[in-house]
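S.K.: The structure that follows is given in the form of structure tokens.
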Amino acid sequence: MRIDANNITNVVLNTTEDMLYYVDRNNQLLKLNIALDGTDVESTKSEYVHGPFHFEDITGMDICLRKQLIVTCSKSYICIWNYAERKFEIAFKCPIGEEATAVAFHPSGFHILAAVGDKVLMMNVLSHTIKEYHSIVMKNCREIRFSNGGHMFAAGVGSYTHVYNFYTVECPPNLQCKGHSGKITNIDWFEDDSGFSDCCNQGLVYFYDLQIQRLELTRCKDDDFKRRNIPISGIANIPGSTNRALVVSAEKKIWDTSDHYNGCDTRYNISQV
């Protein structure tokens with residue numbers, strides 16, 4: 001395997017002089033088996049020492065409910081990490097020209113969803129690889145979240161949130177939730193998966209009961225939270241409460257959606273909660 005010398009910033013040999021370690025321009029640490037006698041050329045290849053750490057901004061992250069795993073994505077890579085052992089597990093390189101913008105981990109730990117380019121990839125997490133088995137055409141998806149049971153997932157597509165059946169990949173018209181005037185920035189499911197809340201970059205927070213949505217095509221309007229034209233980037237439903245959540249806004253405040261006037265000033269730019 002040929003290495004581009006212009007891509008290497010630092011290089012060192014180990015004490016037995018059979019392994020070369022180097023750092024490339026993306027700040028990745030790699031190792032290379034070297035055969036100084038030239039007899040083992042075929043087995044010479046570069047490998048990541050710990051894994052392909054993100055060298056670009058992280059665009060999505062999710063945690064698995066039943067395993068000690070986290071999935072992250074940047075424009076070029078989707079990576080799975082073991083947070084208990086603090087180590088890298090598997091990586092998936094996105095096709096050239098297609099960027100990953102959102103990712104979600106199935107509660108079982110055996111599947112992930114990733115918004116890559118103009119599609120959402122449905123992938124199996126195997127022992128040593130992540131393999132795509134189906135895709136859904138979906139442009140401008142910036143947020144994906146599995147329900148707590150894993151039988152549904154919600155995808156933020158522009159200003160709409162679409163709810164899919166994970167096993168049949170169906171999204172009926174009465175589960176295409178509308179109402180926002182800006183792009184969906186975050187989604188959080190209720191504890192019992194009876195619905196979800198979402199927020200957008202125009203400062204709106206809405207709550208959806210799926211039974212009401214199916215029958216009446218409307219949200220729980222009495223519980224709307226509004227910070228007009230002030231982006232809200234993160235939302236977390238409050239356990240044990242109905243249609244009530246904590247949200248963070250671009251004005252450096254954390255809000256309880258039941259109180260429209262008294263936000264907690266954090267003095268910091270918080271993006272998620």
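The values are calculated or read from the model by the stated rules, or taken from the named source; none is laboratory data. This is a predicted model, so every value here is computed, not measured. Note that we place each Cβ from the backbone using ideal geometry, even for glycine, and neighbour counts take in every protein chain shown.
S.K.: Answer yes or no: is there a residue in the range 221-238 that is of a type in the set (Lys, Arg), surrounded by fewer than 14 Cβ atoms within 10 Å (Cβ to Cβ), touching a residue at least 12 places away in the same chain (Cβ under 8 Å) and within 27 Å of TYR268 (Cβ to Cβ).
M.R.: Yes: one or more hits.
S.K.: Could you tell me which residue of the range 129-170 is farthest from ALA100 (Cα to Cα), considering only residues that are surrounded by fewer than 22 Cβ atoms within 10 Å (Cβ to Cβ) and basic (Lys, Arg)?
M.R.: LYS131
S.K.: Only one of these is at pLDDT below 80, exposed (fewer than 13 other Cβ atoms within 10 Å of the Cβ) and assigned to a strand (DSSP E or B): GLU17, GLU47. Name it. Steps first, please.
M.R.: Values: GLU17 fails: assigned to a strand (DSSP E or B).
Result: GLU47 is the single residue among GLU17, GLU47 that is at pLDDT below 80, exposed (fewer than 13 other Cβ atoms within 10 Å of the Cβ) and assigned to a strand (DSSP E or B).
S.K.: So the check is Cβ under 6 Å with 6+ separation or different chains; which pairs have a first residue in the range 147-172 that's farther than 15 Å from SER135 by Cβ and a second one that's assigned to a strand (DSSP E or B) and modelled with pLDDT under 95?
M.R.: Going by the 6 Å Cβ cut-off, the qualifying pairs are GLY156/ARG142.
S.K.: Then there is this: Give all pairs with beta carbons closer than 7 Å in which a residue from the range 51-80 that is within 20 Å of GLN272 (Cα to Cα) meets a residue that is acidic (Asp, Glu) and crowded, with 20+ Cβ neighbours inside 10 Å; count only pairs at least 6 apart in sequence or on separate chains.
M.R.: Cβ pairs passing all conditions: VAL71/ASP62.
S.K.: Give the residues of the range 252-271 that are assigned to a loop (DSSP other than H, G, I, E, B) and over 24 Å from the mean Cα position of the chain (by Cα), sorted by residue number. Lay out the reasoning, then the answer.
M.R.: Initially, the range 252-271 is screened for residues assigned to a loop (DSSP other than H, G, I, E, B), giving 252, 257-263, 266-271.
Correct list: THR257, SER258, ASP259, HIS260, TYR261, ASN262, GLY263, THR266, ARG267.
S.K.: What is the residue count in the range 241-273 for residues that are in contact with an Asp or Glu (Cβ under 8 Å, 6 or more places away or on another chain) and on the phi > 0 side of the Ramachandran plot?
M.R.: 2
S.K.: Which residue pairs have Cβ atoms under 7 Å apart, sit 6 or more places apart or on different chains, and have a first residue in the range 239-254 that is closer than 16 Å to CYS220 by Cβ and a second that is crowded, with 19+ Cβ neighbours inside 10 Å and β-branched (Val, Ile, Thr)?
M.R.: Pairs that qualify, where the first residue is closer than 16 Å to CYS220 by Cβ and the partner is crowded, with 19+ Cβ neighbours inside 10 Å and β-branched (Val, Ile, Thr), are ARG244/THR257; ALA245/VAL205; ALA245/ILE235; ALA245/THR257; VAL247/VAL205; VAL247/ILE232; VAL247/ILE235; VAL247/THR257.
S.K.: Within the range 85-130, considering only strands (runs of 3 or more DSSP E) that don't extend past its boundaries, which have at least 1 residues that are within 14 Å of the chain's Cα centre (by Cα), of a type in the set (Val, Ile, Thr) and closer than 21 Å to TRP189 by Cα?
M.R.: 100-105, 111-116, 119-125
S.K.: Among the numbered criteria (1) buried (at least 20 other Cβ atoms within 10 Å of the Cβ); (2) more than 14 Å from CYS141 (Cβ to Cβ), which one does ALA115 miss?
M.R.: That leaves (2) as the condition not met.
S.K.: Hey, another quick one. How many residues does the range 190-226 contain that are part of a helix (DSSP H, G or I), out of contact with any Phe, Trp or Tyr (no Cβ under 6 Å at 6 or more places or on another chain) and not polar (S, T, N, Q)?
M.R.: 7
S.K.: Moving on. If I ask for residues that are within 25 Å of GLY149 (Cα to Cα) and touching a Gly at 6+ places or on another chain (Cβ under 9 Å), which ones from the range 92-134 would you list?
M.R.: ALA100, THR101, ALA102, VAL103, ALA104, HIS106, PRO107, SER108, HIS111, ALA114, ALA115, VAL125
S.K.: When only residues in the range 175-192 that are more than 16 Å from SER147 (Cα to Cα) and of a type in the set (D, E, K, R) count, which is surrounded by the most Cβ atoms within 10 Å (Cβ to Cβ)?
M.R.: Once the filter is applied, the top-ranked residue is LYS183.
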